[in-house]
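What follows is one structure encoded as structure tokens, with my remarks underneath.
The values are calculated or read from the model by the stated rules, or taken from the named source; none is laboratory data. Keep in mind the model is a prediction, meaning the values are calculated, not measured. Heads up, the Cβs are rebuilt from the backbone with ideal geometry, glycines too, and the neighbour counts pull from every protein chain shown. Note: accessible area is taken over every heavy atom of the protein model, side chains too, but ligands, DNA and RNA are not part of it. Shrake-Rupley method; radii C 1.70, N 1.55, O 1.52, S 1.80 Å.
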Amino acid sequence: MAQAGSHSAAGQMTGYLYQCELALLELARRSWEDASCSVRMEVLDDIEFLDPDNHTPLELIQSKHREAAGPLSEAGKDLWRSVASWIDALEAVSTPLSTAMPLLRLVSTQVAPAGTFLSMLRSGAHRDTRAALTRMEKVAGDENGADGTAKDRKLFMSLSPSQRHQLVDAITVDDGAPVMSDLNPSLAKELGITPSDHAQAALDDIKGWWYGMAIGLLERRNPKRKRPAVSAQELMCRRDEVLDRYAGRNLPITETLRNLTQAEIAGYEDQLVVTQMRWIGLPDPEIAMHLREYHYARAQRSEWLRTFKITPERLGEYEQELHDEWEHVFRRRTRRLHGDMTGPERESLGQDVLDDTMDRAADRPARPGSITAPWIGRGTVHSLADQADTADPDRAIGWHPDYRNLCEPRKEAQDQ
């Protein structure tokens, strides 16, 4: 009988998780110098950093996690399978003689012994690629070498001498990397999370977001989830969002409320946001007041997204929270709705729904722990009301008790 754990995949699973968190660590590290850099996983290599202009790989990283202490072997699978992977990847995008040769990094938790070609390929003053190549060719050509790497070593030796030279010249061995259980301090440092009562909670929050991003990077079939890459700007935006939440800092307000011109108001006349207010009999001056907040809240949200002050995910959560506030009001106000209620009575009920929702939305912060200008919440609710004919039922907002039926002709016109 097999012993418990003899078929355990714990080590392999830890390796996958390590790859994911290593990608986060590397992205955070680069964000301080180049916010435009971006990362993807499992396309050409374990981890890839891309040129922001043409999205070609600037760096390919092989991630090797080993819980057990020990030396990184010159003849081992970790090195030679990485070399074979890089040769295949380079053939997919160019050749080892390409002028746009990416950096090839082997990140391993094990340590390269002194005197090995692995130690010669570390970055720094003692790096010696010429000596490393000579030793590497000797190991690769050893007919008595391990059978498990024979195919990969043969692939390396099938390259021309100049190709092998350029390939080895691009390789950097980053050994002695922290194991999975020791990554958190490095992550916190690179993310700018200083020791505090909330440090671990903030780090967990960012890592939770990152694992969601990683699923999108690894998804190949679902277009709604698939992501080509994640940028350092996105990560820094999420980091600031999380840290500001614990620090209680507020989102910047760059828009200034002013009355809209008649031409600006007329531009909204055919939009559902105005139609919804007309269904409940609002007078023009009140419609203009609400349109002002709708107009500037939309501009402010766009500015936050453009300047990476808030993530699209958090903005979606904020909209859901506002929808929940509206739903509480709408269900309470329409609880005693009956068929004999007159048109004016229904309009009056709709005005109550609008007024109560505006009061509740004004107090809802766009980011937990902060304070948001009241008109941001009110204007955002109007944006949701403007989409009631196209939004999913759990995101649609309306004022009139019969707004769903009133929206039907608009839906049918759009479907035609």
message = Here are the criteria: (1) part of a loop (DSSP other than H, G, I, E, B); (2) touching a residue at least 40 places away in the same chain (Cβ under 8 Å); (3) within 25 Å of the chain's Cα centre (by Cα). Tell me which single one Glu313 does not satisfy.
response = (1)
query = Here is a list of conditions, (1) closer than 30 Å to Leu191 by Cβ; (2) more than 26 Å from the chain's Cα centre (by Cα); (3) of a type in the set (D, E, K, R), and Arg30 meets all of them except one; can you say which number that is?
reply = (2)
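State the number of residues belonging to segment 123-139 that are part of a helix (DSSP H, G or I) and either more than 18 Å from Ala170 (Cβ to Cβ) or out of contact with any Ser or Thr (no Cβ under 9 Å at 6 or more places or on another chain) (or both).
First pass over segment 123-139, keeping only residues part of a helix (DSSP H, G or I): 129-139.
Applying the additional criterion that residues be either more than 18 Å from Ala170 (Cβ to Cβ) or out of contact with any Ser or Thr (no Cβ under 9 Å at 6 or more places or on another chain) (or both) yields 129-131, 133-134, 136-139.
So the answer is 9.
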ask   = Does segment 258-278 hold any residues that are touching a residue at least 24 places away in the same chain (Cβ under 8 Å) and open to solvent by 60 Å² or more (accessible area, probe 1.4 Å), and which are they?
value = Arg258, Asn259
request  = Select, from Ile371, Ile310, the only residue that is over 25 Å from Ala288 (Cα atoms), surrounded by fewer than 18 Cβ atoms within 10 Å (Cβ to Cβ), at pLDDT below 95 and not acidic (Asp, Glu).
outcome  = Ile371
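To keep it simple, each residue is scored yes or no on (1) in contact with a Lys or Arg (Cβ under 9 Å, 6 or more places away or on another chain); (2) modelled with pLDDT of 90 or more; (3) under 22 Å from Pro312 (Cβ atoms).
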residue: Leu187; (1), (2), (3): yes, yes, no
residue: Leu191; (1), (2), (3): yes, yes, yes
residue: Asp205; (1), (2), (3): yes, yes, yes
residue: Trp209; (1), (2), (3): yes, yes, yes
residue: Asn222; (1), (2), (3): no, no, yes
residue: Pro228; (1), (2), (3): yes, no, yes
residue: Met236; (1), (2), (3): no, yes, yes
residue: Leu243; (1), (2), (3): yes, no, yes
residue: Arg249; (1), (2), (3): yes, no, yes
remark   = Residue set Asp352, Asp363, Asp359, Asp340; condition open to solvent by less than 60 Å² (accessible area, probe 1.4 Å) and not β-branched (Val, Ile, Thr); output residue Asp352
note = Taking segment 389-414 and keeping residues open to solvent by 60 Å² or more (accessible area, probe 1.4 Å), under 17 Å from Thr334 (Cα atoms) and more than 36 Å from the chain's Cα centre (by Cα) leaves Asn405, Leu406
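Restricted to segment 88-115, and to residues that are more than 11 Å from Leu60 (Cα to Cα) and in a helix (DSSP H, G or I), which residue is modelled with the lowest pLDDT? Let's see the steps before the verdict.
Going residue by residue through segment 88-115, those that are more than 11 Å from Leu60 (Cα to Cα) are 88, 91-100, 108-115.
Now drop any that are not in a helix (DSSP H, G or I), which leaves 88, 91-93.
Details: Asp88: 91, Glu91: 85, Ala92: 82, Val93: 76.
The qualifying residue modelled with the lowest pLDDT is Val93.
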ask   = What pairs come up if the first residue lies in segment 279-296 and is within 18 Å of Ala362 (Cβ to Cβ), the second is surrounded by fewer than 17 Cβ atoms within 10 Å (Cβ to Cβ) and at pLDDT below 95, and their beta carbons are under 6 Å apart, counting only those six or more places apart or on different chains?
value = Tyr296/Leu257
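Assess whether Arg331 counts as being at pLDDT 95 or above, over 30 Å from Ser36 (Cβ atoms), in a helix (DSSP H, G or I) and open to solvent by 20 Å² or more (accessible area, probe 1.4 Å).
Spelling it out, Arg331 is indeed at pLDDT 95 or above, over 30 Å from Ser36 (Cβ atoms), in a helix (DSSP H, G or I) and open to solvent by 20 Å² or more (accessible area, probe 1.4 Å).
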